[in-house]
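Accompanying notes for the structure given below.
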Amino acid sequence: MSETQLTANRDLSDRVSESEHPRSPVAQFGADRPLRLDAGIELSPFQIAYQTYGNLNKDRSNAVLICHALTGDQHAANVHPLTGKPGWWEIMIGPGQPIDTDRYFVICANVLGGCMGTTGPASINPKTGTSWGLEFPVITIRDMVRAQAMLIDHLGIDMLFAVAGGSMGGMQVLQWAATYPDRVFAALPVACATRHSAQNIAFHEVGRQAVMADPEWRHGRYQVEGTNPRRGLAVARMGAHITYLSDAALHRKFGRKFQDRTNPTFSFDADFEVESYLRHQGSSFVERFDANSYLYLTRAMDYFDLASDYDGVLASAFKGTKTRFCVTSFTSDWLFPTSESRDIVHALNAGGARVSFAEIVTDKGHDAFLLDEPEFHAIVRGFLQSAGAARGLAPSRD
Amino acid sequence: MMLLHAKHDLTMADAARGQGDTRLDHLLVAEMVEPGSRVLDVGCGDGELLKLLEWRGVDGRGIELSREGVNECVAKGLAVIQGDADTDLIDYPDDAFDYVILSQTLQATRKPRVVLEHMLRIGRHAVVSFPNFGHWKIRLEIMFGGRMPVTDNLPDSWYETPNIHFCTIKDFRQLCHLVGAKMEKAVALNAWGSPLRLNAPWWFWNLFGEQAVFLLSRRP
C-alpha cells in the first residue's frame, strides 16, 4: 500500500469511528423513546451528537439552537476533530460575537442522517451489526427537527430563546417555528426557502448520481465491502461548491489565472487555479463526510416543502405565531435567491408574525452567511439583543 | 423631506425622556396612536418614529424601500422589512393592524389613492402626515418665481426629488372623501413647527400650514 493510500485509509477509519463514537457529548435515545419518522417508520435506538457553548441560565431561557447546513456539523465554534480547522460559524458564535456565548447558551447538534455522531446511514444498524447504508430510512427536515426537539427535552429546556441557521439550517429553523411555535421565542432563517426549487433538486440529483456512479459505492455497501466512493463524492462536492459561490466571487478570486504555471499544458491537468481549488474542495470534503449521508441529507432538502403540510397555504404554517422572525438573504445568492426569502416574509406577514427582513449586498453568493459580512452580523446582533430584552435576558456587555 | 426638530423645552412626555431632538411631526403622529396598539409604519426610514412608538408601548412594524434604512432598523432590533408601499401593501391581510402610518411618504408614492385605500383596509386607523403644497411660501414661489419651489423643507430640485405627488391640505381632504375615510383628527403645523389654532378654518390651514397630520378611520 502506498503512503497516500495508508493516510487515506487512516482518515477513513477516523471518520467511521467519529460517526459511531464521536468526540462530542452524545444523547442516547433507547427503545422507550423512538423517533417517529415521516416515512412511517420508528427509528430506535438512536443517538444525537452535539456541542454546547456558554452557560444555561437558571431560568433556562437563554438557549440558542444552531442548525447546520448540508455539509456542516455540530462543531460550529470549536476546532473540528477531523480536520483541525476552526468551527464553521466561529465568526458568529463566541464571547462578544453576535451570538454571544457570554449571554446565550448555544447548542449545535449534528443532524439526523449526518455522519459526525448522530445516527445516520454510516452508523451501525443494531439489527445487522454492520453500517445501515441504504437500509437507513429516508428522512426529512421535519424528522431532523423532531430529533432536535427530543435533544432539547433531554437538556431540560422548554423554550428555546432562538433557533438560527443558514441554508438547510434555515429550513430547520422554519420547520421549528412551524412545528413548535411555543418552543421558539425568536427565529433566524438565513439564505433559505420554504421549499427546495426544481433547480436545486436538479443540482442535488447530479451530485447523487456522481456518488452512485462511483464503482466503489457498491449500492451503498462500501463500508461493508471496504471500499470508499471518494471520487464520486468529490465530484458531487465540486459541483455543489460552485452553486455556493457566484460568478463575481469566482472571477474575483481566480479569474483565468493559471495554477503554478505560465502557459497551458495542453492536457487535462488542473491548469487553472479554479480547477485546482475545486479539486482541493472535493478531496478535503471526502475526508470528513460520508457519501451515503450526502445522499440522505440532499434528499431531505429536496422533500422540504413547508406549505404542503398546510394544504399548500404557507401562511397557515405561521398563523398566530408569537415567534419573532429575522429573515436574511444575500444579493448574489442564486441557490436561495432573495425572492424565496420574500415568500417567507409574505407568509409571515399574512400570518401576523413579527418579522424583520434584510437583504445584504455582497458578491460572495450563498456561502456569504458563513463569511465576514459586517452588516449581516450587526443585524443578527441587534435582532437578538432586542429579542433578548423582550425575553428578559440581561443585556450583553458592549 | 421635512426635518422639523422640536425644541428642548418641549413639554411632551417623550421630549422629557431626553429625546430632545425628536421630530415634532413624529411626536404628533405618536400622540395619535393608542399605547399598546399594533402599528405598521409604511416608509419608516431609519426607524426613528418606530423607536419612539415602541417606547410608548406600541407593537410596531415597518416597511422601508431603501436597503440602508431597513438594515439600520433591523440592527436596532425593529421589525422592519424591505418593501414598497406601492406594491407590497397588498400582501397584508385586512385588519392586521390598529394603525397604519404613512409619515412624510404619501407624496413619494406612485399611487397615493391606492396606498391610502390599502392603509384603511389593513388598519382600523390610518395616520398620514405630508408637506402642504398649498402653503403661502410655495404659492408665492410659483406665482412670482415661476419655478417649482425649493425650500428648506423641500430642498430637492424638481428633477431630483423623490416627491412625485405633492398635494395641498384641501386636496388631501378631497382624497379622504373619495376613498370614504372619516377624518377623526387633523393638525396643521406652521413654519416653526407649532400647531395652528384648532378652530381656524380649513382655508387658513391650507395657507399657513406647512405640513399636516391626519388621523383617519374607515367609514362604517
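Selection over segment A:360-373 of residues that are crowded, with 22+ Cβ neighbours inside 10 Å and at the interface with another protein chain (Cβ under 9 Å from one of its Cβ atoms) gives a count of 1. Yes or no: residue A:329 closer than 19 Å to residue B:73 by Cα, small (Gly, Ala, Ser) and at pLDDT 95 or above? When the stated conditions are applied, residue A:329 passes them. With the checklist (1) surrounded by 13 or more Cβ atoms within 10 Å (Cβ to Cβ); (2) not in a helix (DSSP H, G or I) in hand, flag the one item residue A:275 doesn't pass. Only one criterion is unmet by residue A:275, namely (2).
With respect to the conditions (1) more than 23 Å from residue A:104 (Cα to Cα); (2) touching a Lys or Arg at 6+ places or on another chain (Cβ under 7 Å), residue A:299 falls short on a single one, namely (2). Looking at the structure I just gave you, is residue A:307 touching a Lys or Arg at 6+ places or on another chain (Cβ under 8 Å), more than 9 Å from chain B (Cβ to nearest Cβ) and in a loop (DSSP other than H, G, I, E, B)? No; evaluated as a whole, the condition is false for this residue. Scan segment A:102-117 for residues that are on the phi > 0 side of the Ramachandran plot and not in a loop (DSSP other than H, G, I, E, B) and the total you get is 0. Checked against the criteria, residue A:300 counts as in a helix (DSSP H, G or I) and either under 17 Å from the mean Cα position of the chain (by Cα) or within 14 Å of chain B (Cβ to nearest Cβ) (or both).
Is there a residue in segment B:80-89 that is under 17 Å from residue B:30 (Cα atoms), within 11 Å of another protein chain (Cβ to nearest Cβ) and among the hydrophobic types (A, V, I, L, M, F, W, C)? Within segment B:80-89, none of the residues are under 17 Å from residue B:30 (Cα atoms), within 11 Å of another protein chain (Cβ to nearest Cβ) and among the hydrophobic types (A, V, I, L, M, F, W, C). Restricting attention to segment A:87-99, the residues that are in a strand (DSSP E or B) and buried (at least 22 other Cβ atoms within 10 Å of the Cβ) total 2. Reported count of residues in segment A:317-331, each being out of contact with any strand residue (DSSP E or B) (no Cβ under 7 Å at 6 or more places or on another chain), within 14 Å of chain B (Cβ to nearest Cβ) and at negative phi, is 4. All of B:113, B:38 fail the test of being more than 14 Å from chain A (Cβ to nearest Cβ) and of a type in the set (Lys, Arg), apart from B:113. Residue under question is residue A:339, and the condition is that it be within 14 Å of chain B (Cβ to nearest Cβ) and surrounded by fewer than 18 Cβ atoms within 10 Å (Cβ to Cβ); does it hold? The answer is yes for residue A:339.
When segment B:99-120 is filtered for residues that are without any contact (Cβ under 8 Å) to a residue 40 or more places away in the chain and assigned to a helix (DSSP H, G or I), the ones remaining, listed by number, are B:114, B:118.
When you look at residue A:350, is it buried (at least 24 other Cβ atoms within 10 Å of the Cβ) and either away from every other protein chain (no Cβ under 12 Å) or over 16 Å from residue A:162 (Cβ atoms) (or both), yes or no?
no
Tell me, which residue of segment B:1-50 that is of a type in the set (Lys, Arg) and either at pLDDT 50 or above or under 12 Å from the mean Cα position of the chain (by Cα) (or both) is farthest from residue B:68 (Cα to Cα)?
B:38
Yes or no: residue A:293 more than 26 Å from residue A:134 (Cβ to Cβ) and either surrounded by 19 or more Cβ atoms within 10 Å (Cβ to Cβ) or free of Cβ contacts under 8 Å to residues at least 24 places away in the same chain (or both)? In short, no. Here is a check on your reading of the model: is residue A:344 buried (at least 24 other Cβ atoms within 10 Å of the Cβ), aliphatic (A, V, I, L, M) and either touching a residue at least 60 places away in the same chain (Cβ under 8 Å) or closer than 23 Å to residue A:160 by Cβ (or both)? For residue A:344, the condition - buried (at least 24 other Cβ atoms within 10 Å of the Cβ), aliphatic (A, V, I, L, M) and either touching a residue at least 60 places away in the same chain (Cβ under 8 Å) or closer than 23 Å to residue A:160 by Cβ (or both) - is met.
One line per residue, one yes/no per condition, for (1) away from chain A (no Cβ under 12 Å); (2) among the charged types (D, E, K, R):
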position: B:49; (1), (2): yes, no
position: B:58; (1), (2): yes, no
position: B:66; (1), (2): no, no
position: B:70; (1), (2): no, no
position: B:91; (1), (2): no, yes
position: B:129; (1), (2): yes, no
position: B:145; (1), (2): yes, no
position: B:148; (1), (2): yes, no
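The values are calculated or read from the model by the stated rules, or taken from the named source; none is laboratory data. Since the model is a prediction, treat every value here as computed from it, not as a measurement. Here Cβ is always computed from backbone atoms with ideal geometry, including for glycine, and neighbour counts include all displayed protein chains.
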